[in-house]
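Heads up: the structure comes next, in structure tokens.
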Amino acid sequence: MSELRQRLGREPGEAQEPEEKLQESESENKLDGETASDSESKSEFGGSPPVPTSDDTPEVLNRALSNLSSRWKNWWVRGILTLAMITFFFIIIYLGPMVLMMIVMCVQIKCFHEIITIGYNVYHSYDLPWFRTLSWYFLLCVNYFFYGETVTDYFFTLVQREEPLRILSKYHRFISFALYLTGFCMFVLSLVKKHYRLQFYMFGWTHVTLLIVVTQSHLIIHNLFEGMIWFIVPISCVICNDIMAYMFGFFFGRTPLIKLSPKKTWEGFIGGFFATVLFGLLLSYVMSGYRCFTCPVEFNNDTNSFTVDCEPSELFQLQEYNIPLVLQSVVGWKTVRMYPFQIHSIALSTFASLIGPFGGFFASGFKRAFKIKDFANTIPGHGGIMDRFDCQYLMATFVNVYIASFIRGPNPSKLIQQFLTLRPDQQLHIFNTLKAHLVDKAVQWTAGLPNLF
């Protein structure tokens, strides 16, 4: 197979020296991961893993937990640092949507850095030019495109008020394409003979990372603008499922769930599901009563700040529902008062419990492919930032699709903003068209009145 690869990778009319053949063969084997088995001692990374997996637990915890077994020590370390991360999560929620957006951006950059670092550590021995430079350049280009679209969409009045912003908004997509095209040309110019295939692999590596990380973080911010409840509840459900699946698996786990993650058990998977659905219902009930969580995040042009004040929609108004006859004898109630959003929370928590973990399984398979334990050592006992957010990105896409499919309707304020930017003759034309439509509707409604009596 290696000989066939060498022939396919050879330039027409070019003869390869034995040394060059050996070098290319080794590079192909390293790239494609062709090993006899996963238990072989030889690593795909030239003998050393790309990410160190040494014990980075704080010395204070090491001394305090020194008398415990490694199993219980890991349990306490993960528990303490999980509580610290949850506390930090509450703090950034309190600081408001702008801080949340900045945190999402920082998490995105860190996750991108962890994945790109793995690629760089795998291929750095080949001295490929411009790999990291182009990777970060493409990250800048993609962020400019997505966040430029967001600014134009949610800060439309502010953009139209400032001349430089208005020009950038008008030609935003052309500028974004020109920036990407520059990076594309730089990549072509950086191609090195005998390393073409490796460089194209890394080109694909960078773009898949951008697709997974940047696109999903952009959707998270879109969910945030729909209301902080659409940001907090899905993320909290994933966190709850992660914690409860670990707890149930730690104390009751006996049956392995999937080979990609040997420590995952059916007991943890099922226990995490029921705990997360119950948690989602309770959290949704609490948050649905506060406007600061349920109102869409909008930019106030008068104060130049974000506002979250509105009249709650029907989703966040208590309603009475009839309990099915089968359950009435069990619970002893005929009706129950709850927020409609709580019904949607069941769908969110179900996805977080049953489908969300597959984001973690995907990440586990990725790490096993490169023989690493974690993406990084950022958080003791948890690994890197990407290790904590592997399920969140999949959840963000689902929430965005769910809102677009079942929740979001026309936005009158955005239509009015766009209407006011039109020329007077265009505004007059729309006014006359709308007037004729409403008059026609009124005539039809009046004609139907006698049928009501």
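The values are calculated or read from the model by the stated rules, or taken from the named source; none is laboratory data. Source: prediction; values computed, not measured. All accessible areas refer to the heavy atoms of the entire protein, side chains included, with ligands and DNA or RNA removed. Shrake-Rupley method; radii C 1.70, N 1.55, O 1.52, S 1.80 Å.
Based on a Kirkwood Rh over C-alpha pairs, give the Stokes-Einstein translational diffusion coefficient of the stretch 101-190 at 10 °C and viscosity 1.306 mPa s in µm²/s.
106
Starting from the Cα of Lys170, draw a straight line to each of the lysines and keep only those under 20 Å, dropping any in the same chain fewer than 8 residues away.
Within the straight-line limit of under 20 Å, Lys170 reaches these lysines: Lys414.
Considering only protein heavy atoms, what is the solvent-accessible area of Arg78 at a probe of 1.4 Å, reported in Å² to the nearest 10?
We get 50 Å² for Arg78.
Taking Rh as the Kirkwood radius computed over C-alpha pairs, what is the Stokes-Einstein D of the stretch 218-366 at 25 °C in a medium of viscosity 0.890 mPa s, expressed in µm² per second?
Stokes-Einstein gives a translational diffusion coefficient of 142 µm²/s.
Leaving ligands, DNA and RNA out of it, work out the accessible area of Trp76 with a 1.4 Å probe and give it in Å² to the nearest 10.
Number for this one is 110 Å².
Provide the solvent-accessible area of Arg291, counting protein heavy atoms only and rolling a 1.4 Å probe, rounded to the nearest 10 Å².
Per-residue accessible area (Arg291): approximately 100 Å².
Enumerate the lysines that Lys110 could reach by cross-link, defined here as Cα to Cα under 22 Å, with residues fewer than 8 away along the same chain left out.
Output for Lys110: Lys367, Lys371, Lys373.
Just tell me which lysines come within less than 21 Å, Cα to Cα, of Lys194; anything on the same chain fewer than 8 places away is out.
Lys21, Lys30
Whole-Å semi-axes of the stretch 75-144's equivalent ellipsoid, largest first, each the root of 5 times a Cα gyration tensor eigenvalue?
32, 20, 5
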